[in-house]
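K.L.:
Take this structure first; my questions come after.
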Amino acid sequence: MKVLDLTLSTPAENLALDEALLETAEQAESGAEVLRLWEARQPAVVVGRSSQVAVEVDQEACRWLNIPVLRRASGGAAVVLGPGCLMYALVLDCEQRPQLRLVTEAHRTVLDALVQSLQPLIPGVRCLGTSDLAVGERKFSGNSLRCKRTHLLYHGTLLYDFPLELIARCLRQPPRQPEYRQGRPHEAFVANVAVAAADLRRALASSFQADEPLADWPQAATRRLAERYCRDEWNLQARTLRQWTDAS
């Protein structure tokens, strides 16, 4: 598998690159799999494609803190990212890995691989809820996916040195919660893991034998898709992905 360790300048560009890698893989004549690693240079709130911003995000606090709110193309609830939160994105070939066509199997395939590689660094790491990684009952990684015709985008967060109070300031209690959360507020539910970013990067790469650098990333597609991620009508409205795909 190829690997791309690249952080772009803006949140919109970074979200666009994840999607551009998926789009490029879909257009390739043969299966193309890639692991991308990145870490946002400034805080941002990113909601799921079907999220209602007013329900999940404290927009007044975000405006006060000058933190942008963006909408990703995958599902799941809102997250806060920034320095101290390592991001990863996997583009996987569903024809080579047919079990990925089932959402539950996609979660299990990726997260089981991550648990195995992270265990030496984070003793007791396990999968909880639908797609969380946790130590004890504290979540440090949330993950989501988007399926297309031949490929799957699976991406997520790993908190290692993030100002956790920012999550409580920017996000409301999510409308859907895993049972293990037991109604806890953000500050009692999420946690950092005491692992260096470089070690997390190596563990993620080893999870999927991603050791061949990606020489040519899709710059033109990233620029095109970033235009959508800059629009309030995409980021702040609960418009369906199909409506936006048809209009783009």
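K.L.:
In what order do 121, 153 fall by count of nearby beta-carbon atoms within 10 Å, going from fewest to most?
P.N.:
The fewest-first ordering by Cβ neighbours comes to 121, 153.
K.L.:
Also, quick follow-up: Would you compute, from DSSP H runs of 4+ residues alone, the mean residue ellipticity of the chain at 222 nm, taking -39500 (n - 2.57) per run and dividing by the full residue count, rounded to the nearest 500? Mind showing how you got there, number by number?
P.N.:
Details: 10 runs with 87 residues, N = 248.
Per the formula, -10000 deg cm²/dmol.
K.L.:
Now, a different point. In segment 52-151, which trypsin sites (Lys or Arg not before Pro) are in a loop and have at most 16 other Cβ atoms within 10 Å, using DSSP for the loop call?
P.N.:
Those satisfying the criteria are 148, 149.
K.L.:
Give me the mean projected area, in nm² to one decimal, of the convex hull enclosing the Cα positions of the chain.
P.N.:
12.2 nm²
K.L.:
Ok, one more. What order do you get for 125, 79, 46 when you list them from fewest to most C-beta neighbours inside 10 Å? If you can, show how the numbers build up before the last one.
P.N.:
Values: 125 21, 79 24, 46 27.
So the residues, fewest neighbours to most, are 125, 79, 46.
K.L.:
Any chance you could run the full-extension gain for residue 233 through residue 215? It's 0.36 nm times the residue separation minus the Cα-Cα distance, nm to one decimal.
P.N.:
Details: separation 18, 0.36 × 18 = 6.48 nm, distance 3.39 nm.
Full extension from residue 233 to residue 215 adds 3.1 nm.
K.L.:
Next up: May I ask you to compute the full-extension gain from residue 63 to residue 115, defined as 0.36 nm times their residue separation minus their alpha-carbon distance, rounded to one decimal in nm?
P.N.:
Taking 0.36 nm per residue and subtracting the Cα distance, the gain is 15.1 nm.
K.L.:
Relative contact order for segment 2-247 using alpha-carbon pairs under 8 Å, separation at least 6, rounded to a whole percent?
P.N.:
28 percent
K.L.:
Taking Cα pairs under 8 Å and at least six residues apart, what relative contact order does segment 13-103 come out at, in percent?
P.N.:
Relative contact order for segment 13-103 comes out at 40 percent.
K.L.:
Spin-label point model (7 Å from Cα, Cβ direction): what's the residue 54 to residue 42 distance in nm?
P.N.:
Those two pseudo-labels are separated by 2.7 nm.
Read the figures in this text as sums done on the coordinates, not as results from a lab. Just so it is clear, the model here is predicted, and its values are computed rather than measured. As a convention, Cβ positions derive from the backbone with ideal geometry for all residues, glycine included, and neighbour counts pool all protein chains shown.
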